[in-house]
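Below is one structure, written out as structure tokens, with a few remarks after it.
The values are calculated or read from the model by the stated rules, or taken from the named source; none is laboratory data. None of the values given here were measured: they were computed from a predicted structure. Note that we place each Cβ from the backbone using ideal geometry, even for glycine, and neighbour counts take in every protein chain shown. The accessibility values were calculated without ligands, DNA or RNA, using every heavy atom of the protein model including side chains. Shrake-Rupley method; radii C 1.70, N 1.55, O 1.52, S 1.80 Å.
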Amino acid sequence: MEAYLDNSATTPCLESVRDIVVKTMMVDYGNPSSRHQKGVEAEHYLKDAREKIAATLKVKEKEIFFTSGGTESNNWALTGTAFANRRAGCHIITTAVEHAAVRMPLRFLEDQGFEVTVLPVDGTGHVDPQQAAEAVREDTILVSVMLVNNEVGTLEPVEEISRRVKEKKPSVLFHVDAIQAYGKMRILPKRMGIDLMSVSGHKIHGPKGIGFLYVNEKVKIHPMILGGGQQQGMRSGTDNVPGAAGLGVAAWEAYQNLDQAREHMFLLKDRLMRGLANLPEVHVISEEGEKSAPHIVSAAFPGVRSEVLLHALEERGIYVSSGSACSSNKKSAVSSVLEELHLKPALLESTLRFSFSPFTREEEIDYCLENLGELLPVLRRYRRR
């Protein structure tokens, strides 16, 4: 049996996504910038994808810009708005538990003369909205807070943070990394005070190498890629029609079946957390139920290093993660997110992330728990003394 429990790293494509990607690569393969019929056909796919995505967010089509994925969306949101609004100030606010695709662009901006305030989190990974508001200064231009933490599933109160920040200074722009949230919950940027929002396609059963950035039409932002003037001149380069078409289908299907999918994933989450709680010496990090995201459970297994347990499970056809997939190659690095939760060293070194999709089966959860029960006593015999 195989149990794929690493859906926060990536998801398999839907058959409907595969079909439209193949069609736009093999049949309707025109360049949208071409003026003949093939180009018109290709442009139709882009328009249709924008319509689908915009409808899920209740925003305007012209506010959706396709990118190469979540990392580019984050980079563009942060650097594009920072440089475009530099005359208004050089101060940016973020949190201590952001993904590297946010942390690294902000580090770059610090090298360019911007000042970044990093907000701490509590033991469950939450940011205090009041602290966020108190950090706002006269020269603050941008706040960036992720909606769902990619490692432990924490739900940040972004709507309240945005409200308090904008009450203090209405002109501050609010960016949300929604890469682990989009397709898993309702997100209404206009209502929630979100000015920019990053999304990645392969997290919702779409293709890899495609994502989008929502940019409120009132936001002042510089393009990051210059050239042929595609996408209103804001993101040049030949349009990735297969990727965009596939993303549009994945987004539409995710929100057509959202309520059922969420209910199913919460059941899986509860099943796994209850099973983990019954295993000896297991520390569940993620919060129960709807206090955190429906698809992510982080747990520590003291006495067994993360990589050891990960590969032991892999040998039995069970696939999990020892942290963010984007940083999993740094085997010696301890997760900065877990460090910010002030976990004991024994927990930092032994944490795994389990993540589901609407297609994950209960049998996969049970199979994982059964094997954990068998492996942990054996592996703990070799723990360091």
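Per residue, the chain exposes 44 Å² of accessible surface when a 1.4 Å probe is rolled over the protein heavy atoms with every protein chain present. Helical runs assigned H by DSSP (4 residues or longer) give the chain a calculated mean residue ellipticity at 222 nm of -12500 deg cm²/dmol, each run adding -39500 (n - 2.57) before division by the residue total.
The distance between label points at E362 and Y382 comes to 3.5 nm (points 7 Å beyond Cα on the Cα→Cβ vector).
This structure gives log10 I(q)/I(0) by the Debye sum over Cα atoms at q = 0.07 Å⁻¹, computed directly, and of (1) -0.32; (2) -0.66; (3) -0.42 that value is listed as (1). Accessible area per residue (1.4 Å probe, heavy atoms of protein chains only) ranks C13, C90 as C13, C90, with the largest value leading. Measuring nothing but protein heavy atoms, the accessible surface of the chain at 1.4 Å probe radius is 51 percent carbon and sulfur.
For region 28-84, lysine pairs separated by 8 or more sequence positions, or belonging to different chains, with Cα-Cα distances below 20 Å total 6.
Summing Lys and Arg as +1 and Asp and Glu as -1 over all other residues whose Cβ lies under 12 Å from the Cβ of T67 gives a net charge of -1. Shape class for region 102-236, computed from the alpha carbon gyration tensor (a ≥ b ≥ c): oblate, with a/c not under 1.5 and a/b at or below b/c. Classify region 1-93 as rounded, prolate or oblate, taking a ≥ b ≥ c as the square roots of the eigenvalues of its Cα gyration tensor: rounded when a/c is under 1.5, otherwise prolate if a/b is larger than b/c and oblate if not. Taking the square roots of the gyration eigenvalues as a ≥ b ≥ c, region 1-93 is oblate. For region 56-127, just say rounded, prolate or oblate: build the C-alpha gyration tensor, square-root its eigenvalues into a ≥ b ≥ c, call rounded for a/c under 1.5, and beyond that prolate if a/b exceeds b/c, oblate if not. The shape class here is oblate.
Near V116, the amide H atoms lying under 5 Å from its own belong to I92; only residues 5 or more places off or on other chains count, and H is placed 1.01 Å from N. Summing +1 for each Lys or Arg and -1 for each Asp or Glu among the other residues whose beta-carbon sits under 14 angstrom from that of L279 gives -1. Among 237-245, 1-9, the peptide with the highest mean count of other Cβ atoms within 10 Å heads the list, and the full ranking is 237-245, 1-9.
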